[in-house]
Every structure is written in C-alpha cells, then in structure tokens.
Amino acid sequence: VRTFIPRVAEGVFTVATAFNRTDEYVLYYHSGHKTLRVFRTADATMLANYRVQAEVSAIESTEDGMAVVIGTVDGCLSVLAIADQTKPHVGQFLGSLPSRDEG
C-alpha cells in the first residue's frame, strides 16, 4: 500500500484518476488546481505536475504507456510524453518526437 497524495481538505472539486495502459503510472487530475499529475506506480514518485489551460474533459494513455493524451473543454488536445528517467530508452524516445526535430 502506498500513499500518492496525503489527505488534505481542499474543498469540492472534480478529481479524476486512472492508470496508464501499462499500469506503470497513475494519472491524477484535480479541477481546482487545474493540474494533471503523473505518479510512478512502483514507488509513488511524482514525475509530472502539468498545469492545464482549461478543465480536462478526457484523459487517455497511449498503447505503449509512454504518453498521455488530454482533451480540455475549450477544444484543445495535448499529448504529453512521460519522461521517466528510470526507463532505459527514454532519451531515445524523447529524441524521436517530432517536436525535437531540428530540421
């Protein structure tokens, strides 16, 4: 049993949690903070605390579990890579992303 987020009183907000497709990460959205947090399942380490521009309406993981796709109520769609430094090929994966192409 692991505690990912300690219990605190923050008011009444929409909260969505899910595992990614490979069950390696927990995805946690909090509408009050407007953040999507990513935690490693193995040790409860927070890898990301991404601030979204609008309320999240959909959260999904890619098949390989290396990225998260989020949709927001303003019509935006974002794909966020999970940069977990404990994974052996994460540098190669990040370097292969189209946003990293210098050409």
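Convex hull over the alpha-carbon atoms of segment 1-73: what's its volume per residue in Å³?
Considering the Cα atoms of segment 1-73, their hull volume per residue is 86 Å³.
Show me, for segment 49-56, the HN-Hα J-couplings you get by feeding each phi into the Karplus relation (A = 6.51, B = -1.76, C = 1.60, θ = phi - 60°), rounded to Hz, glycine and proline as x.
9, 8, 8, 8, 7, 8, 4, 7
Under the √(5λ) rule applied to the eigenvalues of the Cα gyration tensor, what semi-axes describe the equivalent ellipsoid of segment 48-103? Give them in Å, descending.
23, 14, 10
If we sort 92-100, 52-60 on the protection proxy, mean other Cβ atoms within 10 Å, highest first, what's the order?
52-60, 92-100
All of the numbers you see were taken from the coordinates with simple rules; none came from a lab. All figures in this text were calculated on a predicted structure; none of them were measured in a lab. Ideal geometry is used to build each Cβ from the backbone, glycine not excepted, and the neighbour counts take in all protein chains shown.
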